[in-house]
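The values are calculated or read from the model by the stated rules, or taken from the named source; none is laboratory data. Predicted, not measured: the structure shown is a model, and the values here were computed from it. Don't worry about glycine lacking a Cβ; one is built from the backbone with ideal geometry, like all the others, and counts go over all protein chains shown. Just so you know, the surface numbers come from the protein's heavy atoms only, side chains and all, with ligands and any DNA or RNA stripped out. Shrake-Rupley method; radii C 1.70, N 1.55, O 1.52, S 1.80 Å.
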Amino acid sequence: MAEYDPPGVEFHWRPGCMFCFMLRVRLLRRGVPLVETDIRQDPGAAARVRAATGGDETVPTVFVGPVALVNPHPDEVVAAVRTHAPHLLDPDGERGTQ
């Protein structure tokens, strides 16, 4: 069986979260494709976030391959993508800036 390979960075968020909004905008400007999941609408995603954060539903929580990043800086996400999922970035690297 093939390993799960999402078409983008797994981005877990919740409505009204300004940190989520800001990170989303900054990552999209850099050309990072996202698979967005509202943890209020997906109990499994909420459980996954709790598992990654030690029991809290802290968002944004981003998953890149084996790495979970909780409320990360965009640079951390891009570095994780370069390491664990470089195929998600343009051949010339990221697009745009923060």
Need pairs with beta-carbon distance below 8 Å; first residue over 15 Å from L69 (Cα atoms) and free of Cβ contacts under 8 Å to residues at least 40 places away in the same chain and within segment 31-48, second part of a loop (DSSP other than H, G, I, E, B) and open to solvent by less than 30 Å² (accessible area, probe 1.4 Å); sequence gap 6+ or separate chains. I39/V59
Being under 17 Å from R14 (Cα atoms) and of a type in the set (K, R) is the filter here; which residues of segment 27-49 pass it? R40, R48
Pairs, please: C-beta under 7 Å, at least 6 apart or cross-chain, first residue within 10 Å of V32 (Cβ to Cβ) and in segment 67-91, second charged (D, E, K, R) and open to solvent by 40 Å² or more (accessible area, probe 1.4 Å)? P74/R26; V78/E94; L89/R82
